[in-house]
Structures are given as C-alpha cells and as structure tokens.
Amino acid sequence: MKYAAAFAMISALATCQCSPFRSHPVVVHEAPRVTHVFHGDVEFTPAQRAIVAKAISALEYQTAGMYRLSVIYDLNYNDINSLTALRDEALIVYMQSDYQVIQYLDNEKGAHILGLTLQNGMTGEGKNPQVYLVVDRLEDPARFQHVVMHELLHAAGLDDLGPPGSVMSGATCHYAGDLRLCENVVCMTPSDAAEFCRVNRCQVGELNGCAW
C-alpha cells in the first residue's frame, strides 16, 4: 500500500512537471471552487487531446483540486447542427490561423493570437466559457500545454498578468535585445496562485502550485 501511494505521488508530480521540493504538504480539496465539463472539438488529434489532458491534470494538481475539469469530444464545430446544439455549453474549439475570425483578431490585436477564451460564450450572454485554440501555431507540445493552461485559467475567471514568467502572462514571448525568447510555463507561480485565489476566495497556501 505504501509503495502504491508513493508511486501515485511520483506519477502526479511527473504529470504536471512540478518540483517535489515543496514548503508544505501536498493537499487535495474534496469540494472544488470551479468545475467545468467542456465539449471538445472532434478535430483535435489524439496527440493534441493527450496534451489537453496533461494540462488539465496539471491544473487539478496545482490548484489542489479546487479546479476540476473534464472534456467530452463530441463537438463538430464545422457542423451547424452540432454547433447549434452545444452553442451555450463550455467548449474547447479547434481553430487554424487561416480562419477569417482568427485573421480578424490578429489585425485587431496587432499580433498572432495563440488562443482565446470567451467567458460568456460566443453569444456574449451565456453562462459557460468557451476556449479557442489556434492549433497550427501550437506545434511545440510545451507551448500547446502552456496555452491550454492559460486559457483554461481564463475560463476559471483569472485575468492576464504582467511580464512573461507565469502561466497567466499576457505574452509568452519577449525580446532580450534582438533575441526573441518564448517561455512555455506549465507551473503555476505564486503570482498565478494569488490571481486564482483572488478570484476564487482561497489562500495561496491552500494550493499545491509547483514553482514555490
């Protein structure tokens, strides 16, 4: 039994890429503060679905179970009947950079967007968040996981944070002189934890995190 428990702990740490050197014991809250069941786009490949699952596992561990998520891959965003049936549900949608809506958003923001979360859905009046991922800009698995975690935390109500270095950084890339550096953060920092707790009324010490 002890070996099984130790193996489960090691597996959890490996899944979320967390450091085992912590200042307080691992905790798990039975009653989550936020729960989402997303309907995922069937266009996501098995490899991409595995990265989404890894991001979800990381978030559930790092928030000590305060954020519970699952994905059912039953949305066909290109089928009007499927889209109509699920339009007011929580969604994770497969997008490409050549889609007109993405090109419009690129022009609006003056940058290539990697993902987008609509807190109140596509109508702006819904009760469920909808996440859009520009998959052809997320070819690196670490970047894919970072963006999924970032957008899912937006779905939980978190705002963008300032400079790069956290999951909720507003930009994943910055310049050091002429060198373009991109950070794919998959560990919630104290700043991320503070933002999560600001929104969800908890204390940073109640979370597991992995970068402090």
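Observations on the structure shown:
- Amide H to amide H, with H built 1.01 Å from N, Thr189 comes under 5 Å of Val167, counting only residues 5 or more places away or on other chains.
- Computed from backbone phi, the HN-Hα couplings of the range 154-164 come to 4, 4, 7, x, 6, 9, 4, 9, x, x, x Hz, rounded to whole numbers (Karplus: 6.51 cos²θ - 1.76 cosθ + 1.60, θ = phi - 60°; Gly and Pro given as x).
- Of the GluC sites (Glu not before Pro) found in the range 25-94, those in coil by DSSP whose Cβ has at most 15 other Cβ atoms within 10 Å are Glu30.
- A dipole drawn for the range 28-160 from +1 and -1 charges on Cβ atoms has a positive end, and of His36, Gln130, Gly110 the residue lying farthest that way is His36.
- Relative to the globular-protein estimate of 2.2 N^0.38 Å, the Cα radius of gyration of the range 28-160 stands at 1.01.
- Radius 13 Å from Cβ of Asn200, net charge of other residues (Lys, Arg +1; Asp, Glu -1): 0
- Taking amide H atoms as placed 1.01 Å from N in the peptide plane, the amide H of Leu91 lies under 5 Å from those of His39, Gln130, Val131, each 5 or more residues away in sequence or on another chain.
- Each Lys or Arg adds one and each Asp or Glu subtracts one; over the other residues with Cβ under 12 Å from the Cβ of Glu125, this totals +1.
- Radius 11 Å from Cβ of Ser97, net charge of other residues (Lys, Arg +1; Asp, Glu -1): -2
- For the range 28-160, the antiparallel share of DSSP beta bridges with both residues in that region comes to about 20%.
- Alpha carbon centroid spacing (whole Å) that separates the range 140-162 from the range 113-133: 13 Å
- Stokes-Einstein D (µm²/s) once Rh is taken as the Kirkwood radius of the range 48-106 over alpha-carbon pairs, at 37 °C in 0.692 mPa s: 241 µm²/s
- Residue-wise HN-Hα coupling along the range 28-39, computed from phi with Karplus coefficients 6.51, -1.76, 1.60 (Hz; x: Gly, Pro): 9, 9, 6, 9, x, 8, 9, 9, 9, 10, 8, 9
- Multiplying the residue separation of Asp160 and Asp106 by 0.36 nm and subtracting their alpha-carbon distance yields 17.7 nm.
Here, each number is a calculation from the coordinates, and none is a lab measurement. Because the structure is predicted, anything quoted here is derived from the model rather than measured. Cβ coordinates were reconstructed from backbone atoms using ideal geometry, including for glycine residues, and neighbour counts include every protein chain displayed.
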